[in-house]
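The values are calculated or read from the model by the stated rules, or taken from the named source; none is laboratory data. What you see is a predicted model, and the numbers here were worked out from it, not measured in a lab. Because the Cβ atoms are built from the backbone with ideal geometry, glycine has one as well, and the counts that use them run over all protein chains shown. Note: areas computed on protein heavy atoms with side chains; ligands, DNA, RNA excluded. Shrake-Rupley method; radii C 1.70, N 1.55, O 1.52, S 1.80 Å.
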Amino acid sequence: MSEWIILDTHYGPVRAWQALPEGKPRGALVVVQEIFGANPHIRGVAGRFAAQGYAVLAPSFFDLVDGPEADPDALPYTPEGVKDGLERVTALGMEKALEVVRAAATRLAPHGKVGTVGYCWGGSVALLSALRLGLPSVSYYGARNVQFLDETPKAPVMFHFGAQDKSIPPEAIQAHREKLPQMATYVYPADHAFNREVGHAYDPDSAALALQRTLDFFSEHLG
């Protein structure tokens, strides 16, 4: 039930990992990657949401930088991988990222209401998807969020943060609560990337609780 498909975007073709549930979907989700690409971890995330009944697309956003023939698994969880991923994020920019989300949401629309969930850089893309595209979204540890918090949301958004995340200080988390008080903001006793089962930061208890809250959010807003 999972395979690569091609999305046609205004900026060129982008691969997307498609994961479909058994039976009729209850709704649809765009999974937005970290800075490491649409790698096995992100494809696994897509599969887990599909197992919960959602039709899912996880676009390979960096195809608009590297081309659709590039290896989506090329960026390692190392300082060099971080450097290369950040360079690609900068080269891509938020406008193109949102165009990819829009194309994926359009592709998913026949399956029902569409939302997004994003991690790290993708957490900020998910926030913008709620603010600008009107897609109910869940944002995991988006370190770029604060600059967008004065925008008026077009859809609900939920935030997950780690209390030990040095890239997102307490005052940044508090800004979410002050500027978007109508949105749920949760903090866990964990570090950045606590949801990723690969690496030292993984916190299974925090990840499980955040996932349950995320599923409840999507059950309410998507079906």
Original post:
Where only protein heavy atoms count, and the probe is 1.4 Å, what is the accessible area per residue for segment 11-104 in Å²?
Top reply: 38
Original post:
Hey, if you drop one equal point scatterer on each alpha-carbon of segment 25-162 and run the Debye formula without solvent, what base-10 log of I(q)/I(0) do you get at q = 0.09 Å⁻¹?
Top reply: -0.23
Original post:
Within the chain, what is the number of lysine pairs with alpha carbons under 23 Å apart, leaving out pairs fewer than eight places apart on the same chain?
Top reply: 8
Original post:
In whole percent, how big is the carbon plus sulfur part of the accessible area of segment 1-79, probe 1.4 Å, protein atoms only?
Top reply: 54
Original post:
Amide H to amide H under 5 Å from MET183: which residues, 5+ apart in sequence or cross-chain, H placed 1.01 Å off N in plane?
Top reply: none
Subject >> Under 5 Å, built H, 5+ apart or other chain: amide partners of HIS192 >> reply: ASP165, LYS166
Original post:
Which of the listed residues, PRO21, SER2, VAL31, is farthest toward the dipole's positive end in segment 1-45, when Lys, Arg count +1 and Asp, Glu count -1 at the beta-carbon?
Top reply: PRO21
Original post:
What is the spin-label model distance, in nm, from VAL198 to LEU86 if the labels are put 7 Å beyond Cα along the C-beta direction?
Top reply: 2.0
Subject >> ³J(HN,Hα) computed for each position of segment 66-77 - Karplus, 6.51 cos²θ - 1.76 cosθ + 1.60, integer Hz, glycine/proline x >> reply: 9, x, x, 9, 5, 6, x, 9, 7, 9, x, 7
**OP:** Helix by helix through the chain, keep the DSSP H runs that span 24 Å or more along the axis on Cα and average at least -0.5 on Kyte-Doolittle, and give those back in order.
**Re:** 79-108, 204-221
Original post:
At each listed q (0.08, 0.11, 0.14, 0.17 Å⁻¹), what is the log10 of I(q)/I(0) that the Debye formula gives for segment 76-223 modelled as equal alpha-carbon point scatterers?
Top reply: -0.21, -0.40, -0.67, -1.00
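Ranking request for peptides 163-172, 48-57: highest mean number of other beta-carbon atoms within 10 Å first, then the rest in descending order.
Ranked by mean Cβ neighbours within 10 Å, highest first: 48-57, 163-172.
If you average over every viewing direction, what projected area does the convex hull of the Cα atoms of segment 60-139 give, in nm²? Show your work: numbers first, answer last.
Working: hull surface 21.9 nm².
Approximately 5.5 nm², given one-decimal rounding.
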Original post:
How much accessible surface area, in Å² rounded to 10, belongs to the heavy atoms of HIS192 with a 1.4 Å probe?
Top reply: 40
**OP:** Give, in nm to one decimal, the length gained when the segment between ASP205 and ASP8 is fully stretched (0.36 nm per residue of separation minus the Cα-Cα distance).
**Re:** 67.1 nm
**OP:** As a check on your grasp of the helix formula, calculate [θ] at 222 nm for the chain: sum -39500 (n - 2.57) over DSSP H runs of n ≥ 4, divide by the residue count, round to the nearest 500.
**Re:** -12500 deg cm²/dmol
